[in-house]
Amino acid sequence: MIRTATLTGSYKQIPFFKGLDDSHLSKLEALGHELTFDRDQIIFREGDESSFFYIILSGRVSLEVTALGRTLRVQTIGENEEFGWSSMLPSHGKQFQARALDSLHVLAFDGPRLREACEEDNTFGYALMKRLLSVVSHRLLAMRVQVLDMYSPGVKG
Amino acid sequence: MSAVLCPPSADVSVMRPAAGRVARVEKETHDTFTLRVESPDEASPLAGFEPGQFSMLYVYGVGELPISISGDPEERGSLVYTIRSVGAATHALVTSKEGSTIGVRGPFGTSWPLRETRGRDLLVVAGGIGLAPLRPAIFHVLRHRGDYGRLVVLYGARSPKDLLFRKQLAAWNYVPDTQVLTTVDYGGLSWRGYVGVVTTLFRYIRIRPDRTTAMICGPEVMMRFVVTELKSRGFPAEQIYLSAERNMKCAIGHCGHCQMGPLFVCKDGPVFPCHRIGPWMDRYEL
């Protein structure tokens, strides 16, 4: 069950927003809203046009991919981590399925509205994209190491 | 005139295996087994060991290979080895019948810095079978819990079915001031733990680099990424220890099979401080 709620904490406490100007934080506060998801609830499915970008306030999310008739968990992310960043790009369906592993509390931003705000205020847009690039870069590095299959018996070192 | 290429060892007996009786074989995962080995003669038990050391185990007629000791260092009378079946010799070891005899040389090599780190927090990072050589150090810290600060164990494996010592990992989490987190590279829907490389667990722990010593064992590529992560968090290289793995034959620094630059993994290691081994990691055929 999805419920909207009122954010009581300050956006300043969220690591993703650390260092942003007050005017930028106000802009984000106007765009964001809180959502809760129940344990095991699907947040979005692979291919969905779901347009939200999320920051986890509490709980964990499992990113999953379905292949060869089975669903595999390929990454879990937790408090203060971000997901759904493909919504920051125009017309990209979701590449993974996301599921709440625990009772989940997130901050959600509508991707098109966030992109619009970035276009209108390029300084805000650049600050946000720098943070997003850092998230994508860390995620990509982790995924690169993961696909090395380094624990496989055939892998040297 | 004859040339002496290699000086004779001061104690040639280290090259002669002692007889070890396989007392117990326990299946840990689909490809990994734990062997308990005892001396067949109660009057002359197998030598004790320091956490991090290894033995040379000889399967008669098949071959000899270095295996880390994975048991409790204070449990005397037997030595415990956790072995992944990946080749002819390891397969022969894990399929040993209880009561059969193997050759045991050692223990050899350096150990984890458990004396030097009394009073400090400890961060243990293990990947795959790399948990086996770290387990004696964890046993030691848990037996002497008051001598150490906070203990954090991060463990990564390929999939849930590859996780070693699952019951122990779960039990250690209940020890005061001890945190254990496990992660796998991929998991099915029944796996509710973490999925991702072991370095992704760093965001869920609290560590103070100024009072923590890190001990790492796993594939070299994993150790390299862990070291990078630790350094980015302010860990000095002197407080990061790694256990290296190389093909060893003599185990006493004579044959050169395990040489890494100026170091011999068998006698100068396998446990090294990071600043000493760092330049030679990921470089083969040195």
- Fraction of antiparallel bridges per DSSP, the protein assembly as shown only, in percent to nearest 5: 75
- Task: Take chain B, drop everything but the C-alpha atoms, weight them equally and run the Debye formula without solvent; then report log10 I(q)/I(0) at 0.10, 0.13, 0.14 Å⁻¹ to two decimals.
- Result: -0.53, -0.90, -1.05
- Note on the structure: The long-range amide H neighbours of A:D40, using H built 1.01 Å from N in the peptide plane and a cut-off of under 5 Å, are A:A100, A:L101, A:D102
- For A:Q75, residues with placed amide H under 5 Å, excluding near neighbours: A:L63
- Query: Binned at 20 Å from 0, what are the whole-percent values of the Cα-Cα distance distribution for the protein assembly as shown, short to long?
  - Reply: 23, 48, 23, 6, 0
- Task: Return one number: the angle in degrees, 0 to 90 and rounded to the nearest 10, between the long axis of the Cα atoms of helix B:220-232 and the longest principal axis of the Cα atoms of chain B.
- Result: 40
- Query: For the Cα atoms of chain B, what angle does the longest principal axis make with the long axis of helix B:131-143, in degrees from 0 to 90, nearest 10?
  - Reply: 70
- Query: For chain A, max minus min Cα coordinate along each principal axis, in Å, sorted largest first?
  - Reply: 54, 35, 30
- Lysine pairs within the protein assembly as shown, Cα separation less than 19 Å, 8 or more sequence positions apart or different chains: 10
- Is the range B:130-286 rounded, prolate or oblate when judged by the Cα gyration tensor, a ≥ b ≥ c being the square roots of its eigenvalues, rounded requiring a/c under 1.5 and prolate requiring a/b larger than b/c? prolate
- Note on the structure: Note on the range B:142-233: alpha-carbon gyration tensor, axes a ≥ b ≥ c; rule is a/c under 1.5 for rounded, else prolate if a/b larger than b/c, else oblate; result oblate
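Every number here is computed from the coordinates shown, using simple stated rules; none is lab data. This one's a predicted model, so the numbers in the text were calculated from it and none came from an experiment.
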